[in-house]
Amino acid sequence: MNVIFLGPPGSGKGTIASKITKELKIPHISTGDLFRAAIKAENDLGLKIKSIIEAGDLVPDEVTIEVVKRRLDESDTNDGYILDGFPRTPAQAEALGKFSTVDKVIDLSLNDEELIKRLSGRRVCKSCGNSFHVDFVPPKKDGICDDCGGELYTRKDDQIDSIKNRLEVYYSQTEPLKAYYKELGSLCPIDASPAPSEVLKSVLEVLK
Ligand code: AMP
């Protein structure tokens with residue numbers, strides 16, 4: 001089964017997708033993670049996109065589509081995949097429709113006030129990438145990852161100016177995809193405001 005996670009930044013796409021990947025035994029492919037790995041590796045792609053990502057803007061369509069197309073060519077996607085954070089523009093959705101099929105689109109929704117609270121309080125481990133939240137999922141020791149002892153930091157794009165830009169970009173470029181997938185009959189709206197375990201249950205229900 002090929003599944004897409006839509007929804008604004010902070011709605012929990014990554015958190016829920018990382019749990020679903022274990023349930024369905026299909027890979028979780030996050031374009032944000034692929035881009036952050038390229039930035040960390042300081043390769044050509046990473047150097048090209050670093051400032052775009054830090055500002056909360058979108059990486060150009062042609063670059064993003066190529067990265068995803070290559071990733072979906074890998075054999076671990078033969079039985080399906082979960083795409084988290086792609087497509088984010090109409091051009092990306094159309095391109096995806098040409099090189100793959102989409103079975104279900106999980107559309108997580110949450111109000112702006114809650115999204116900003118979730119994003120601005122997020123802390124990420126520099127070593128293993130695990131996410132915490134200062135209020136909702138605090139680490140046992142301030143600033144230290146519970147799992148590997150690594151240092152926790154705030155992503156540049158989780159700073160308030162960048163968050164506001166990401167939300168504007170979401171409403172202007174990504175939200176219209178809801179209508180696109182509704183028309184195709186694959187949109188599954190999910191309320192992302194309950195606790196992650198509840199949201200997970202709702203998502204598993206629609207994927208059955
Ligand atoms: P995320 O971790 O999904 O919030 O993505 C982090 C950042 O990566 C976004 O704010 C964009 O700058 C970039 N990005 C991720 N996915 C895409 C995409 N499909 N198209 C363009 N840029 C993307």
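For the chain, treating each Cα as an identical point scatterer without solvent, what Debye log10 I(q)/I(0) comes out at q = 0.07, 0.11, 0.12, 0.15 1/Å?
Normalising to I(0) and taking log10 leaves -0.20, -0.51, -0.61, -1.00.
Would you grab the residues whose amide H sits under 5 Å from the one on Arg123? Only those 5+ places off in sequence or on another chain, please, with H modelled 1.01 Å from N.
Amide H to amide H, under 5 Å and 5 or more residues apart or across chains, Arg123 pairs with Phe132, His133, Val134.
Once both labels are modelled 7 Å past Cα along the beta-carbon direction, what's the Glu151-Lys48 spacing in nm?
In this crude label model, Glu151 to Lys48 measures out at 3.1 nm.
Using a cut-off of 17 Å between alpha-carbon atoms, which aspartates and glutamates can reach Lys140, once sequence neighbours fewer than 8 places away in the same chain are excluded?
Candidates past the 8-residue exclusion: Glu151.
Given the options Lys98, Lys164, Lys156, which has the most mean-square fluctuation in a GNM of the chain, springs set between C-alpha atoms less than 10 angstrom apart?
Lys98
Normalised by the number of residues in segment 38-156, what is the relative contact order in percent for Cα pairs under 8 Å and 6+ residues apart?
RCO, segment 38-156: 15 percent.
Trypsin sites (Lys or Arg not before Pro), restricted to segment 12-71: which are DSSP loop and have at most 11 other Cβ atoms within 10 Å?
For trypsin sites (Lys or Arg not before Pro) across segment 12-71 that sit outside H, G, I, E and B with at most 11 neighbouring Cβ atoms in 10 Å, the list reads Lys25.
Suppose every Lys and Arg Cβ carries +1 and every Asp and Glu Cβ carries -1, with no other charges. What dipole size does segment 1-86 come out with about its Cα centre, to the nearest 20 debye?
280 debye
With a 10 Å cut-off between alpha carbons and a GNM built on the chain, which of Ala17, Ala41, Ala55 moves the most?
Ranking Ala17, Ala41, Ala55 by mean-square fluctuation puts Ala41 first.
Report, as a whole number in µm² per second, the diffusion coefficient that Stokes-Einstein gives for segment 1-51 at 20 °C and 1.002 mPa s using the Kirkwood radius over alpha carbon pairs.
Answer, rounded: 174 µm²/s.
Cross-link partners among aspartates and glutamates for Lys50, C-alpha distance below 13 Å, same-chain residues fewer than 8 apart left out?
By straight Cα distance, Lys50 reaches Asp33, Glu42, Asp157.
Take the alpha carbon atoms of segment 7-51, find their center, do the same for segment 109-171, and report the distance between the two centers in whole angstrom.
14 Å
What pairs in Lys126/Lys156; Lys117/Lys208; Lys164/Lys208; Lys13/Lys208; Lys22/Lys156; Lys48/Lys182 have C-alpha atoms more than 24 Å from each other?
Long pairs (Cα-Cα over 24 Å): Lys117/Lys208; Lys164/Lys208; Lys22/Lys156; Lys48/Lys182.
By per-residue mean of other Cβ atoms within 10 Å, what is the highest-first order of 142-150, 75-83, 87-95? Can you show the working numbers first?
Numbers: 142-150: 13.8, 75-83: 15.9, 87-95: 19.1.
The densest-packed peptide leads the list: 87-95, 75-83, 142-150.
Cross-link candidates for Lys69: which lysines have Cα within less than 18 Å, leaving aside residues fewer than 8 places away along the same chain?
Partners within reach: Lys98.
Bear in mind these aren't lab numbers, they're just calculated from the coordinates by the rules spelled out. Quick caveat: nothing in here was measured; it's all calculated off a predicted structure. As a convention, Cβ positions derive from the backbone with ideal geometry for all residues, glycine included, and neighbour counts pool all protein chains shown.
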